[in-house]
1. Within segment 368-376, can one find any residue that is open to solvent by less than 10 Å² (accessible area, probe 1.4 Å) and part of a loop (DSSP other than H, G, I, E, B)?
2. Given Asp437, Asp479, which one is within 26 Å of Asn345 (Cβ to Cβ) and in contact (Cβ under 8 Å) with a residue 12 or more places away in the chain?
3. Can you name every one of the strands (runs of 3 or more DSSP E) wholly within segment 202-301 that holds 1 or more residues which are open to solvent by 50 Å² or more (accessible area, probe 1.4 Å) and not hydroxyl-bearing (Ser, Thr, Tyr)?
4. Looking only at segment 183-194, count every residue that is more than 19 Å from Lys210 (Cα to Cα), open to solvent by 10 Å² or more (accessible area, probe 1.4 Å) and out of contact with any His (no Cβ under 7 Å at 6 or more places or on another chain) and tell me the total.
5. Among the residues of segment 445-458, is there at least one that is on the phi > 0 side of the Ramachandran plot and touching a His at 6+ places or on another chain (Cβ under 8 Å)?
6. So Glu316 ticks every box in (1) open to solvent by less than 40 Å² (accessible area, probe 1.4 Å); (2) outside any loop (DSSP other than H, G, I, E, B); (3) among the acidic types (Asp, Glu) but one. Which box is left unticked?
7. Under the condition of being touching a strand residue (DSSP E or B) at 6+ places or on another chain (Cβ under 7 Å) and over 30 Å from Leu298 (Cα atoms), which residue from segment 319-362 is least open to solvent (accessible area, probe 1.4 Å)?
8. Taking Glu380 and the conditions (1) within 27 Å of Pro434 (Cβ to Cβ); (2) assigned to a loop (DSSP other than H, G, I, E, B); (3) not aliphatic (A, V, I, L, M), which numbered condition does it fall short on, given that it satisfies the others?
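The values are calculated or read from the model by the stated rules, or taken from the named source; none is laboratory data. Remember, it's a predicted structure, so these values are computed and weren't measured experimentally. Ideal geometry is used to build each Cβ from the backbone, glycine not excepted, and the neighbour counts take in all protein chains shown. Quick note on the areas: whole protein, heavy atoms, side chains included, nothing else; ligands and nucleic acids left out. Shrake-Rupley method; radii C 1.70, N 1.55, O 1.52, S 1.80 Å.
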Amino acid sequence: MHDHNSNGKIIDLPQQLQLALNINTRNENKYNTTETEKQEAEMQPWLVLSDKNDGKESNNKANQEAATLPDKQDWLVRNVTLSSTIRDNNASWSWPATALLPTIIFLLCIIALNFSKRYIPASSSCSRSTRAKLTTASIVIFTAFRFMNEVIITNNNDLYRIRITTEKKSEEKIRPCYITVENKADYHYEIIESAIMQFPLPWDTFNCSKEDTIADVALTKHHRFAKNELEPWQKYFETHLAGTTQPRTNGDGAVIHFGSIQNYMNYSHSYDAYIGASCDSFDWLGQLSRGPNQFCILHGTVDQKNMRGRRKRLWEQHKGRVCWVSPMHPCYFIPSDLPQFKPENFRKGDKLRLCLKASASTTSLQYVDEGVKRLRQVGEPNIEIIIMGRSMPIMSSQAFPSISHLVKQGNEPDYYKFEEMMSKCHVLLPLIHPWDDGKKYFPWSGAGKLSGYMSQAIGLKLPLLVHEEIKELYKEHLDAPVWSYTTQNMSDTWSFVDAFGAM
C-alpha cells in the first residue's frame, strides 16, 4: 500500500497500518465480521480490538477526530489506537482520554506564544529566543505526552508490530503431560503400575506440567500366551486405578492421573513418553529408534559384547532411555507398586503361613522338609505351607510325604485376588538357590534377572527367608524382617535349617 504526502512523495505504509485501515472499514460496515477478517485478527495477536457491542459510539467519534488530522499515515496510527483498548489491571482507557492532557498543554503553549508576540516588543533582545524556546517546548511536551501510553510501532526483522505498553499478558497454563505404558505381550502385567509410578523420565524436555500427568496403559490384542492374564489385570486397572490421582512413588514430584486402557496399535492421541514394558520380547532397539519419546524396560542383561555394526551404534545412541527392574543394572526400579491390603496381625498360637514360589524346583522343597524335621524335634510345628501360583502350581510335595499334609495349593488366576492372598502370607520363601534355575537371579550369573517374589516381598512388606546373596542385593529396599542362609549346593542344608528354626 502507498500514500502521497504534501510534497507528492510516495510513502510505504507498514502491513499493520493497512490492517488498521481494514479495521476502520469494517467498523463503518457495522462490524460485519467475515471469516477472512477473523483470520486476519488471529494473525495479529498484538491488536486488541474493541468489543462489538460497546464500540459503535467510540468508533464514530474516532472517525470524526481522524478526519481533522492532516497526515493520512498519522491518522492510521491514531486509528489503530482509537479502535483498540488499553488495559491496565482493571482500568480501561481510550485514546481521547490519554491524549487530553498533552492537548491542553499544547494549547497553553500556543496561548503563551501568542502572548509573547503581543506583549514582548519585536525589538527586544530576548523576543526571538523566548519565542523559539516556547515553540520548542510546545513541540517537545506535546510529542512526549503524545506517545505516553500510546501505540508503539517497532520494526523487528522487517516485521512491524504494534504493542501496547500498559498491557500485561497473563501466563498461559502449561498443558498436562501424557505418558503411556505399552505391554505388547501377555505377561509382565505386574510391572505396569510400577512403570507408571517409577520409571525415570526427562520431564524437563517434555514442555508440560508433570504435576498434572495423565497415564494410560496400552494392551495388545495379539501375542496371546497360555497364561492369559490380560483380562484380570485390565479389570484391576479399570476398577482400582482408572480415575484416581497419586503422586509418583519415586519422589520426582510428578502427580499421576490414571487414564484409560488403550490399544497400542490404535492410540486415541499422542504421548510425551511411550514406555515399553516388554521391550526385550521384541525389537527394542527398533522401538527406541522411533524417536526421543520412546523408552524401554528390560528384564535381563544386554549382550553388548556380541553387538556389531548398526546394533552397536543404536545401543550407544539410545541406552540412556533404557531402565531395568533389578539393582544389578545402572538404571533400575523395583516393580513394588502393588495393590495394598490391610495387614494381618500375627498372634502367638496362630498357624504360621509359609508361602513358597510355585515355580521353585522340587529339589528346593527338600530344604523345607529338612527344616520341618528339625522343628519336630521339639514338637509338631503349627505351620501350613502354601504353594502360590497364578496358574496350576507345578511344584509337588508328593516326593516328601512327611510334610505333604501341611502343604496347600494356592491357585488364583485373578490378579487382584492373587495379591490379596499373597498379602496374607506370614513369611515368603522364594527358594532361590545358586545351583538350579535360580542362579539367574544371582549377580555373578550375569543374567541380571529379577525374581517376582522379591518385588512381592518389597511391595507388600512381607517377612522373607532368602539366600544371603539375594538379601545383600536388595537390602536397601527390604523393610520387613529378613532371615538368610548361605548354602552353596543341594546337600548343604544346615544353614537353611538353622535360619528356618530361627524364623
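1. Within segment 368-376, none of the residues are open to solvent by less than 10 Å² (accessible area, probe 1.4 Å) and part of a loop (DSSP other than H, G, I, E, B).
2. Values: Asp437 fails: within 26 Å of Asn345 (Cβ to Cβ).
On inspection, the qualifying residue turns out to be Asp479.
3. Details: elements: 209-219, 245-247, 255-262, 273-276, 294-298.
Correct list: 209-219, 245-247, 255-262.
4. 3
5. Here is the first cut: in segment 445-458, the ones on the phi > 0 side of the Ramachandran plot are 446, 448.
Next, only the ones that are touching a His at 6+ places or on another chain (Cβ under 8 Å) stay: 448.
The answer is yes; a qualifying residue exists.
6. For Glu316, the exception is condition (1).
7. Among those that are touching a strand residue (DSSP E or B) at 6+ places or on another chain (Cβ under 7 Å) and over 30 Å from Leu298 (Cα atoms), it is Leu354.
8. (1) is the only condition that Glu380 fails.
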